[in-house]
Structure formats: C-alpha cells, structure tokens
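The values are calculated or read from the model by the stated rules, or taken from the named source; none is laboratory data. Note that this is a predicted model, so its numbers are computed, not measured. So basically every Cβ, Gly included, is an ideal-geometry build from the backbone, and we count neighbours across all protein chains shown.
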Amino acid sequence: MRIPSHIVDFWALFKDAAGAVDDARFYEAFCFGDHEALADSLAELVLSGRKRATAGLLWAYEAEGKRLPRAGDLSVVTDWAGHPLCVIETQAVDVVPFDDVTAEFAATEGEGDGSLEDWRRGHTEFFARECARLGRTPSGSMQVACERFAVVYQPPR
C-alpha cells in the first residue's frame, strides 16, 4: 500500500528511528472510532499504553475491499484531524463472533473500565452505527476482527 502524502514525513522519522523498515509493511494510516471525541480519546489510550488491541467488523473490511491486517503490518495512528501520533505493529488478528470476544481481549483493548460487560456495551453501540452505515443487521454472530498490536514508534510529545 502507498504511504499517504500527509504522513510521509512522519513515516520517514519512524524509519530513521527504527532502522531498516520495508515500506511494504505499511498497512494504513487511520484514526480509531467514528467521531472526533471517540477518535481522540482512543488515540490517547494507545499513547498511554493502555489500549493494545482494537476490534472491527469483518463486514466493514469487506465493504471497503480491504484485507485484514496481518502480524508484522505497520500502521500509523492519527487523531481525528489526521495528524500522525504513533506507529503500531500488528501482533495477531483473530476473527470471532461478537458473542465470543473474551474478557481478556476486552481488557487488552483498554477501553472503559476494561470489563467484558463494558466492552460489549460500547461495541454494541459502535457496531450498530457501523451496521447501519453498511446496511447490515447487528447480531451476536457477526464476525469481529480482534487485532492485537504494539506501539513501535512514538515521537516525544
């Protein structure tokens, strides 16, 4: 995938700091969430080290014609305005039904109080908005891509 122009300089700083990095490992530049307050608060959780995972609907990947991330992929996390904040490396991706997401994964995602109950509440709301956008009906059996990641570059703030 091609490095977007608005993050080329940031990507170059990352490569200088990390040493030899193959641009072919670049997956995407993105912000979490679907509105500014959510995107920026989730980015802060990543920067603080609390958020080390994310979940997305398989239907959304399919609708965008985008492959799932794979272990070793590198992505640039941005704020809502598109400013690059850090680089994450995908560690693993598991696709499971919504109802099968584990308490351990919910805790690793680091949102809310870290409980599975809170994860389900927040993601039910988020995925309902995603399903509406995609013309789908949310259910406990909808497939969720559960991605674990590590921050591999974060410039001084």
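Do the conditions hold for Phe105, that is, is it over 18 Å from Phe32 (Cα atoms), at pLDDT 95 or above and crowded, with 18+ Cβ neighbours inside 10 Å? For Phe105, the condition - over 18 Å from Phe32 (Cα atoms), at pLDDT 95 or above and crowded, with 18+ Cβ neighbours inside 10 Å - is not met.
Considering each residue of the range 130-148 in turn, at least one proves to be at pLDDT 95 or above, on the phi > 0 side of the Ramachandran plot and surrounded by fewer than 12 Cβ atoms within 10 Å (Cβ to Cβ).
When Arg67, Arg157 are screened for being at pLDDT below 95, surrounded by fewer than 13 Cβ atoms within 10 Å (Cβ to Cβ) and touching a helix residue (DSSP H, G or I) at 6+ places or on another chain (Cβ under 9 Å), only Arg157 passes. Annotation note: of Glu62, Glu36, Glu44, the sole residue that is closer than 17 Å to Gln154 by Cβ, surrounded by fewer than 19 Cβ atoms within 10 Å (Cβ to Cβ), among the acidic types (Asp, Glu) and out of contact with any His (no Cβ under 7 Å at 6 or more places or on another chain) is Glu44. Taking only the range 1-36 into account, find how many residues are free of Cβ contacts under 8 Å to residues at least 40 places away in the same chain and assigned to a helix (DSSP H, G or I). Number satisfying all stated conditions: 8.
In the range 48-57 there is at least one residue matching the filter, namely being outside any strand (DSSP E or B) and without any contact (Cβ under 8 Å) to a residue 60 or more places away in the chain.
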